[in-house]
Structures are given as structure tokens and as C-alpha cells.
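To start, the structure itself, in C-alpha cells.
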Amino acid sequence: MKSAIYYEVPLLSSKIKPGFWHLKGEIQFKTPPCDLLLEVYYNDQSTIQIPIPFTLRGKLDYIIKLEKTPYKIYLITNHNISIKTCTLRGVNYAYALYKFYRRILPVLFYNNEANRDLKIRIDMSPFSYLMKPYRAYKKISLERTKRICQPFDSNVWLKLHQNFIKTLFKKIKISQIFVNKPVFTIIYFNENNHKSFIDFSAVRQNYKKYHIISIRNFQDLYQLNLQSDYVLFLYNGDKLDPHALEILAYFIKKHKYPELVYFDSASENIDEKLEKRKFQIFLKPDLSIDYLKHYNYIKNAFLVRRDTFIDILQRLSRSNSLLKLDFIHIFLLKLVQDISKYKIYHLPLVLLYHNSKRLERNSQVIVQPKHLQFKKTVFFEPLVSIIIPTKDKVSLLSKCLHTIFTKTTYKNYEIILIDNNSSKDETFRFYTSLEKMSLVKIVFDKGDFNFSRLINTGVKKAKGDYLCFLNNDIEVETPQWIEEMLYFTVKPKVGVVGAKLIYPNGTVQHGGVIVGIWELADHAFKGCTEKEDYMNRLITPQEYLAVTAACMMTKRKIFEEVGGFDEILKFNFQDLDFCLKVYEKGYKIIYTPYAVSIHHEHSSRGKPDNKEKLKILEKEKTIIKNRWQKYIQKDPFYNPNLSIFSTKFQLNFSVTRLKKALE
């Protein structure tokens, strides 16, 4: 392991001998140390390395078997971690067996999505679990960690997905025998007039009611006399799954003939390092207009109803020079301009394989910070009230305020500090230094800590019609951060806007909130680098179900409309609950990457690390699960083919969520 960091592990047993040993401890990290190993040095000068599983909270609790007598043991990793505790103690076989079955039996008999996913990964018979407990224990422990760390190979996943599609096709074929099926027109943008490929692709379809029209450019569309029900666009080199049209026909009827049906897709690339084919898979969210404006995530993987196609085509000017660059993107943007007029359905199945070279030309991201547009479209600067709950921690608060004062270009704002039982003299000396500043107001709250109450109190004291909730461990990076967030917040259909937050080491802390991750919720791209983006979601404004209140903006009238933050939720999930209440009212929740701040997460209050805090956490988890189960089961902005055990948009082993989405 290159440039590895070594941490020596104390051996607590008085007798050092071969057998079972219990590794127990706790590590802290920003990025999961997926290469964590235990390096064992034996008395005979030989060494072995043992992969070590861990939880997302950094817990180490693992039984290992040593064949010989060790004299020194190290934890090694390439990642920066801090070890709170870490010990290794010899245990007898009875204790080891107890630990094995304690981990095995819940997986075997407790039927939830996490355990179903594990059983697919492990691929052992129930008999083997019981008769080979150490092997099963190791597999379960390590697969749990792999689920956090390792992306599922896209080629393997695609084969499983194609098998699922074949099975679905057989069921649909039987049920559709006597149904009046829609007629499709496949329009090929055949720039090279490659007739032979078009015929080959057509033969592969297991569906009869379709025909193909070849055109050289988008201008030819105006000459077409279409007689079909739906239109599909393909480029040279694109390939439809052979079952695509049959499956699409079924879901079109099931969803009462929507104007637009779009579906997932993939692109085949050559991995030069591995010298093999590798598929890039585009697993899309349900409709997000703001995302579509900045990046054509739908691509040409869609069907449009003939009458809708003709209507949009007539509204597009033939002379529009942008059409030559990307007709498909312009067409889709025109369609979603009047979203109330059209019904749009997303089918989460990979049914189209793009021509990768063509896709590269048509996959530009529109990077367009909004502060200049804000100044052009909003002719006044509304008062923004920045509400910051705080308790002592002057070093954090002073940095937060300093970055606001020195970097913020927006002028019309006030700061409301909600102090909750500060006790240190330096805190009050700092408050005294702020008294001369008219834009800062300090409100003292003497009650027990309740984040929701602190925010609600701040709103009552605020004067602005626009509210910005900010943690005291935030450092502003983008000078125009308020303008960037206001650009979206002032829009009538937008309810809440969240910023992009990064850790001090540059990795992502928040890129939106995915509901359903870890069977509750977590931040998108948490712990990722900028290079670990997926479908440009990290760098484009778009809709999510929620954003974090560490840096959140909303309108006062919307805050009051939903009753503010729920004070039953004292410590956790207030922002998630608030956003879902706003979403239920029909407003959008927007994440913007153009307002960036550094977040020193857990620096203010710390992680829930004692029994009392953990008990409150579990209680508040239960409240959220009972209240918002429908979104935990299906987040419309997170594809069901993506894993709920990773924030990195990794592929999902299980098809359970996909089946539910197709019901």
C-alpha cells in the first residue's frame, strides 16, 4: 500500500496465542477509509493483511482468526483517520460463535431491504449460513462495508438489468395479446445516410406496429406527414433494447397515454486503462425542469405523442441557429415551458444505448451563475434575514460572521444571532463588540436546546420577507451567495433553496438531500470529490425533496404557511421535515451549486455520541419514518436503480425498489 498510514493496535490479552480475536474501537473520518486493513506480524517474521469492516459512524466491531502467534498489529490505510479507541482482545470460540450468529440471524430472518440486498451480494444458501458461520460472518461484515465503498460494476449490473427487462417483457407479452397497441414512428437523424444500420436496428425489435423514417437534419422534420401515435428520435449508432417498444406500449397504456414518456439509457465506452468495454449508465430522476434547463439529462431517450410533437415543432422557429447544435434539448425545453398542459412520465428502465461519440457532442452543461441574471430580473434588493443559532464557540461564530461581512456583495441583509445558554466570558465580550453594528441583533434563549424553537424564535424577531438559516460553523466562499440563492427563492413556484456545502478538505458535504438513503435520508455526494459527480448533478441547479438548513433560504410567507419548524424535532431532521411540508404544498425545493460555503460539520454541537443523544436520535427517526414513509419508499428525484446504501449515486444490486416503482 503506497504512502500508507500505520496505527499500532494494543493487544490486551495476557496470553498472546493463535485463535479468535475481537477488534473493537471507533475511528473518525471525512471520507470512508475503504482500504482499511489490519496488518499482522507473526513471530516467525511472516505477515498477513486482513480487510477490516466498519460502519458509517466509524464503529469497529469485528472477530478475526489468527493462525499463528502475533507480536505486533497495525491498522493501515491511505486515508486520514483519527482513532478514538482501538483494541484487540483474545476471545474463546463460544464468544466468537455468539458474535457470528448475532450478525447472521438478523440477515437470515429479518426481511428488510438492507438484508435482501446483502443476501443477493453474499449468494449463500441458508444452510451454509448456519453450517459455516465464520465464512458467513466475514461475508456479511465485508459486504456491508463494500456497499458503502465500492460501486457495482456497470457491465455486471447491466446484464442483471437486461435479464429483468426480458422477464418483464414476457409478462407484458402475455397480458397484451388482445390489446389495441399504439403505433410508433422512429425518426433517425441519419447524418451519414447509413441505411444498413437502420434496417439492422429495426429487425431487432420484438414489436410490429412501428415504422422508420430517415432524415438528414432537423429541417426535414417540417416535411413529415406522420400517422403514428408516438414519435421516437434516434441518432446513427443508437440502439434500442429489442424489447423496448413492447414495454413502452404497455406503460403508455397503463399511464393513460402521457404526452411524453422518457426512460433511462446507457452509453458504451472503451476503458483504455483496462482495455475493455465499459457502460456509462444514465439513471435519471423524475422531471426536474431546472436540471433540464442546464443539462439535457433526458437526452433523446423519450417518446412524444404525435399531436404534441407537431404542436412543439410549429412553435420552434426553423431559423433558430441553436437547433443545429442540439435540436433535442431545445425541443424538450419548449415542451416543459407549459408543464400544466402536458403529462410526463419517467420509466426507470434502460431501453436505449447511445452512440457515445454523438453523445459527447450533445452533452454540454450550461454553467450559468445567476447573480447577474438576478440583477437584471429583480429590480429591488429585498431584506434578507440571516438567522444563526449559536452557543459559545466564538472561534466558529467569528469566522462565520467575518466571511459574511468581508465577502458578501449583497447589501440589504440583517443578522439575527439566537444565543442558547452561552456561558463563557469570551462569548459575551464578542457580543459586546457586535453591539455597534446595526445589522446584527442578538436574541437570548434560555430554554433547553431545541433547534426548531431557536429557528422559530429567530423568524419572529426577523424583519425580512426572505429568511436564510445558517449554522454558526459555516464559512461563506461565494461572494454573491445571497444573490445566487435569491434568484431561485423569489420565483413564485420555489419554496426552499439550499447551497452547495464543502468540507474544509474540499470534499462535498451537501449537494441536496436524498430521501430513502439508509432507509431515512442523507446528503447527496457526501464525502465525494468534484470528480465523483454523476450526470452533472453536483454542478447543476435542480430539484430535490429536501436541502439542509445549514445554509437554507425560504420566503417568510411559506415558512408561516407550513407552520415553521416542528418543535417536536429538537435535535435532528427539522430541515427534512420542513422541506417535505413545503413540497407537499406544491412548491419546489432547489439545490444550487452556485452558492458555495465551507461547513465544519458537527463542530458546533458534535455527533450524537452518548446514550441520551442516541435515544433522541432514534425517537426522531421514528417520527420522520411514520410521517414521511411514502417519500422514504420513493424519492422522485432519485432513481430506484440507484443504491440506498451510498450517497455516491452507485448502482443498486436489488430490484425491489424498481419493482415498486413500476407498479
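All other residues whose Cβ lies under 12 angstrom from that of Lys72 are scored, Lys and Arg at +1 and Asp and Glu at -1, for a net of -2. Charge dipole of segment 517-557 (Cα centre as origin; +1 on each Lys and Arg Cβ, -1 on each Asp and Glu Cβ, all else neutral): 380 debye, rounded to the nearest 20. Taking each residue as 0.36 nm, the span from Glu567 to Ile48 lengthens on full extension beyond its C-alpha to C-alpha distance by 181.6 nm. Taking all protein chains into account, the per residue accessible area for segment 412-510 stands at 39 Å² (1.4 Å probe).
Peptide packing: for 458-467, 306-315, the average count of neighbouring Cβ atoms within 10 Å per residue gives the ranking 458-467, 306-315, highest mean first.
Segment 422-479 and segment 341-412 have Cα centres spaced 24 Å apart.
Annotation: extensible slack from Glu268 through Gln162 equals 36.7 nm (criterion: 0.36 nm per residue apart, minus Cα-Cα distance).
Taking the Cα centre of the chain as reference, the dipole from Cβ charges on Lys and Arg (+1) and Asp and Glu (-1) amounts to some 1560 debye. Take each peptide in 639-646, 624-631, count the other Cβ atoms within 10 Å of every residue, and average; sorted highest first, the result is 639-646, 624-631. Dividing the summed helix terms, -39500 (n - 2.57) for each DSSP H run of n ≥ 4, by the number of residues in the chain produces a 222 nm estimate of -10000 deg cm²/dmol to the nearest 500. Just tell me which lysines come within less than 18 Å, Cα to Cα, of Lys17; anything on the same chain fewer than 8 places away is out. Straight-line reach from Lys17, under 18 Å: Lys65, Lys68, Lys72.
Charge tally around Ile48: other residues with Cβ under 12 Å, Lys/Arg +1 each, Asp/Glu -1 each, net -1. Counting charges near Leu283 (Lys, Arg +1; Asp, Glu -1) among other residues having Cβ under 11 Å from its Cβ returns a value of +1. Kirkwood radius for the chain, taken over all pairs of different Cα atoms as the inverse mean of 1/r, rounds to 27.9 Å.
Is the shape of segment 1-156 best called rounded, prolate or oblate, per the rule: a/c under 1.5 gives rounded, else a/b larger than b/c gives prolate, else oblate, with a ≥ b ≥ c the square roots of the Cα gyration tensor eigenvalues? It comes out oblate by the Cα gyration axes. Volume per residue of the convex hull around the Cα atoms, evaluated for segment 96-185, comes out as 151 Å³.
His79 contributes about 50 Å² of solvent-accessible surface, heavy atoms of the protein only, 1.4 Å probe. Residues in segment 525-663 average 39 Å² of solvent-accessible surface per residue, probe 1.4 Å, ligands and nucleic acids excluded. Label sites at Ile289 and Thr377, each approximated as a point 7 angstrom past Cα along Cα to Cβ, lie 1.1 nm apart. Bridges between two residues of segment 1-142, per DSSP, are antiparallel at a rate of about 95%. The tail of the calculated P(r) for segment 422-511, taken as Cα-Cα distances beyond 16 Å, holds 70 percent of the pairs. Ligands, DNA and RNA left out, the 1.4 Å accessible surface of the chain is 52% carbon and sulfur atoms.
In terms of the mean number of neighbouring beta-carbon atoms within 10 Å, the peptides 344-351, 52-59 order highest first as 344-351, 52-59.
Could you pull out every one of the aspartates and glutamates with an alpha carbon less than 17 Å from that of Lys24, ignoring same-chain neighbours closer than 8 positions? Lys24 reaches Glu8, Glu39, Asp61, Asp609. Work from the charge dipole of segment 98-186 (Cβ charges, +1 for Lys and Arg, -1 for Asp and Glu, about the Cα centre) and give the residue of Tyr129, Phe109, His161 farthest towards its positive end. Positive-end residue among those listed: Tyr129. Looking at the chain alone, DSSP beta bridges between its own residues are antiparallel in about 60 percent of cases. Leaving out same-chain residues fewer than 8 places away, which lysines sit with a Cα under 19 Å from that of Lys557? List returned: Lys460, Lys461, Lys463, Lys491, Lys493, Lys581, Lys585, Lys588. Take the alpha carbon gyration tensor of segment 31-90, find the square roots of its eigenvalues, order them as a ≥ b ≥ c, and report rounded if a/c is under 1.5; if not, report prolate when a/b exceeds b/c, else oblate. It is prolate, given that a/c is not under 1.5 and a/b is the larger ratio. Classify segment 497-596 from the C-alpha gyration tensor, please: rounded if a/c falls under 1.5, else prolate or oblate depending on whether a/b exceeds b/c. It comes out prolate by the Cα gyration axes. For the chain, hydrophobic long helices are taken as DSSP H runs at least 27 Å long by C-alpha position along their axis with mean Kyte-Doolittle hydropathy of -0.5 or more; these are 154-175. In percent, rounded to a whole number, the relative contact order of the chain is 11, using alpha-carbon pairs under 8 Å and six or more apart. For segment 32-41, backbone phi angles converted through the Karplus equation (6.51, -1.76, 1.60; θ = phi - 60°) give residue-by-residue couplings of x, x, 5, 9, 5, 10, 10, 9, 10, 9 Hz, Gly and Pro being listed as x.
The values are calculated or read from the model by the stated rules, or taken from the named source; none is laboratory data. It should be emphasised that the depicted structure is a prediction, and the values quoted were computed from it without experimental measurement. All Cβ positions, glycine included, derive from the backbone under ideal geometry; neighbour counts span all protein chains shown. For accessibility, only protein heavy atoms count, side chains too; no ligands or nucleic acids. Shrake-Rupley method; radii C 1.70, N 1.55, O 1.52, S 1.80 Å.
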